[in-house]
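The structure appears right after this line, and notes come after that.
The values are calculated or read from the model by the stated rules, or taken from the named source; none is laboratory data. None of the values given here were measured: they were computed from a predicted structure. Please note: Cβ atoms are built from the backbone with ideal geometry, for glycine as well, and neighbour counts cover all protein chains shown.
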Amino acid sequence: MQADDESAPPAGVPRDLDHGLRVILAPNPSPMTHWGTNTYLLGTRALAVIDPGPDDPAHLAAILGALGPGQSISHIFVTHAHLDHSPLAAPLSAATGAPVLAYGDAGAGRSAVMERLAAAGGIGGGEGVDAGFAPDLVLRDGEVIAGDGWQITAHWTPGHFGNHMSFQAGGDVFSGDLVMGWASTLISPPDGDLAQFRAACARLAGLGAKRLLPGHGAPVSDPAARIGWLLAHRDAREAAILAALADGPGCARSLARRIYTDTPPALLPAARRNVLAHLIDLMERSSVVRLDPLGPDTRFARPTQSPRAP
């Protein structure tokens, strides 16, 4: 299921989404970022910036150039600490004096399961993490920030990333990379956690948003349908993994090749990470066991096929 995407808009050009709401596309298109990162400007006088984007001087100039007479930037919100979302926060803060607000640093919000697996080592991950990110102000789950003519409620929505937040403003929710319309979400342990992702999607659905404004791609006009599709998609992938393991043990690499048959080669590494996230989730639920120490080619099996690895 794809969203309302048509053709890519021009990078660096502010586009109106609503009164007091604009978006600027960063010049960082890729197979993982689609057209590029969406940077949102909320307000009419003292503005909130949501997801300043990658550390790119041209994008910084585009954001500052979007300010009209009497306008300034008062707050910089970051959905999560990935290199396509957070690095420009510090330069933008230096240029404007606005504080950076987020759930925490790049290690904040990891589940206990992922903390344990990360400490044990061997599961890889860490792709695209802005390891040096640290906000000026740490947001609490449910915290409300009132600005000049706008109000944002911060919701902690981990799953894609431990410190991921979604920001609600009226009927809109800035959903970062948790829910996008053009693709399903990368869940790469230990930063991503499938159990957290499912819970966060259910929570996002409960907000009753009229529109989702994602970190990449076009606005999502039917949030309930899109969230429902994403959860059903993850359930279908889980069923496919279990069906494949019924034929014998497998690792994330071999399972991804078997299940993701229509995926372009450039996206197969991401597919392997999603499969690993499923395998870890299934292991935590005692639906599979691992046969080897954790690593990129760890084999997993149904519990009846083999005893657990030491």
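Here's the yes/no breakdown for (1) within 18 Å of Thr185 (Cα to Cα); (2) at pLDDT 95 or above; (3) not basic (Lys, Arg); (4) not assigned by TED's automatic domain parsing to the domain that holds Met114:
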residue: Ala240; (1), (2), (3), (4): yes, yes, yes, yes
residue: Leu245; (1), (2), (3), (4): no, yes, yes, yes
residue: Ile259; (1), (2), (3), (4): yes, yes, yes, yes
residue: Pro269; (1), (2), (3), (4): yes, no, yes, yes
residue: Val275; (1), (2), (3), (4): yes, yes, yes, yes
residue: Leu279; (1), (2), (3), (4): yes, yes, yes, yes
residue: Glu284; (1), (2), (3), (4): no, yes, yes, yes
>> I need the full set of residues from the stretch 98-156 which are under 15 Å from the mean Cα position of the chain (by Cα) and of a type in the set (Phe, Trp, Tyr), in order please.
In response: Tyr103, Trp156
>> Just to check your reading of the model, which residue among Thr263, Thr185 is under 18 Å from the mean Cα position of the chain (by Cα) and more than 24 Å from Leu41 (Cβ to Cβ)?
In response: Thr185
> Are any residues in the stretch 28-66 touching a helix residue (DSSP H, G or I) at 6+ places or on another chain (Cβ under 9 Å), part of a loop (DSSP other than H, G, I, E, B), surrounded by fewer than 24 Cβ atoms within 10 Å (Cβ to Cβ) and not charged (D, E, K, R), and if so, which ones?
Replying inline: Asn28, Pro31, Met32
> Of all the residues that make up the stretch 211-227, how many are more than 12 Å from Ser184 (Cα to Cα), assigned to a helix (DSSP H, G or I) and either among the polar types (S, T, N, Q) or within 17 Å of the chain's Cα centre (by Cα) (or both)?
Replying inline: 1
>> Of everything in the stretch 247-257, what is in contact with a strand residue (DSSP E or B) (Cβ under 6 Å, 6 or more places away or on another chain) and either farther than 16 Å from Ser188 by Cα or assigned by TED's automatic domain parsing to the domain that holds Ile123 (or both)? Give them in sequence order.
In response: Pro249
>> On the basis of being surrounded by 14 or more Cβ atoms within 10 Å (Cβ to Cβ) and touching a residue at least 40 places away in the same chain (Cβ under 8 Å), does Ser254 make the cut?
In response: no
> Given the structure, is Leu101 outside any loop (DSSP other than H, G, I, E, B) and out of contact with any strand residue (DSSP E or B) (no Cβ under 7 Å at 6 or more places or on another chain)?
Replying inline: no
>> Can you pull out every residue in the stretch 43-70 that is in contact (Cβ under 8 Å) with a residue 60 or more places away in the chain and either closer than 22 Å to Asn163 by Cα or out of contact with any strand residue (DSSP E or B) (no Cβ under 9 Å at 6 or more places or on another chain) (or both)?
In response: Thr44, Ala48, Ile50, Asp51
> Are there any pairs, at least 6 apart or on different chains, whose C-beta atoms fall under 6 Å, with the first in the stretch 86-98 and surrounded by 19 or more Cβ atoms within 10 Å (Cβ to Cβ) and the second aromatic (Phe, Trp, Tyr), and if so, which?
Replying inline: Ser86/Phe133
>> Could you check the stretch 40-63 and list, in sequence order, the residues that are among the β-branched types (Val, Ile, Thr) and over 22 Å from Val129 (Cβ atoms)?
In response: Thr44, Ile63
